[in-house]
Structures are given as structure tokens and as C-alpha cells.
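Enquirer: Sending over a structure as C-alpha cells; questions will come in a sec.
Bear in mind these aren't lab numbers, they're just calculated from the coordinates by the rules spelled out. Just so you know, these numbers come straight off a predicted model, no measurement behind them. All Cβ positions, even for glycine, are placed from backbone atoms using ideal geometry, and neighbour counts span all protein chains on display.
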Amino acid sequence: MAPNRTDLPGRVGYALVALPAGVVSLAGGRAQVRLARRLLGVEAHGAARGRVAAHAAASLPLGLLSTVVTGYGWLVVALNLLYPLRPLVGMGDGSYEDAWGGPTLAGAWAVHAAGGVGVAVVTVLLALGFARLQERQARRALRAERMG
């Protein structure tokens, strides 16, 4: 069954795991090709090992940028949405006097949650941009076609 090219979670997920997949493929695996097929809809049957390794090496800089930016974005989202739990894990003293939205927990959480949602939207948009660049790069390097 061909993957749906508009699969938002898959495309965002590819942006997050691009670097590890590239490193594994550089070491002789085909993880990057399988993920590109599954998550981006890039069909690359029969790509020679040398072509796969060359693509893995060429895609490392974009994979690094993609993984770092997307990972950091999701970390910021989690930290903001889980704002009330910060004192429980040793982040902050539990006082909301000087917090954005303070002086109450409800106000601080509301402001941080709204910020988290905003960062989530930006992170998804950035991840989709990275996935699009990675899809183009994979199609060119592997002489692949679009599926679906």
C-alpha cells in the first residue's frame, strides 16, 4: 500500500529522525531509504548501495539541521505545556509571582500553554519544510519517483 504523501505526522516525524537514519544508512544500512519511502512517499526500489551511501553522506547536514531544529521545537512545546510540573523536576521554585501570566498558577500555565501551542505550529511548519527539502534531495540522489 502506498503511503499518503499528505501524512502530516509521518512528514514531521521524518524531519525529526533524519539524522539518525542518515547515519545508519551511511554505515551500510538502508534505513533512510525505507523511511523516505514510508514517511515521505519516495519510491527508490533498486537504488544501488553506492548511491544510497552517497545520498546518506550528502543528506547529513540537512538531517542535522532538521533533527536539531525539530527536536528543540518539540522540547520547547513540552516544557511550556507541562509548565506546572517544572518545580517537581527541579526547574524553578514553584513561585509564579514573576512568571509570565503570574502571579497565579492558572495564569502562568495559560500563557505558557498558549506559547507552547504557537511553538508547536511553527515547529510543524518548519518540519514540513525540512521534509519537503529532504524528499527532493532523496528523489534526486536515488533517482526515485513520487508514490501516490
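Enquirer: Condition first: of a type in the set (Gly, Ala, Ser) and assigned to a helix (DSSP H, G or I). Now tell me which residues in the range 41-91 satisfy that.
Expert: Correct list: Gly50, Ala53, Ala54, Ala56, Ala57, Ala58, Ser59, Gly63, Ser66, Gly71, Gly73, Ala78.
Enquirer: Also, I was wondering about something else. Considering only residues that are without any contact (Cβ under 8 Å) to a residue 24 or more places away in the chain and either touching a helix residue (DSSP H, G or I) at 6+ places or on another chain (Cβ under 9 Å) or closer than 13 Å to Gln134 by Cα (or both), which ones fall in the range 49-67?
Expert: Scanning the range 49-67 gives a single hit, Pro61.
Enquirer: Separate question: Scan Glu97, Glu43 and give me the residue that is acidic (Asp, Glu) and in contact (Cβ under 8 Å) with a residue 40 or more places away in the chain.
Expert: After ruling out the rest, the residue left standing is Glu43.
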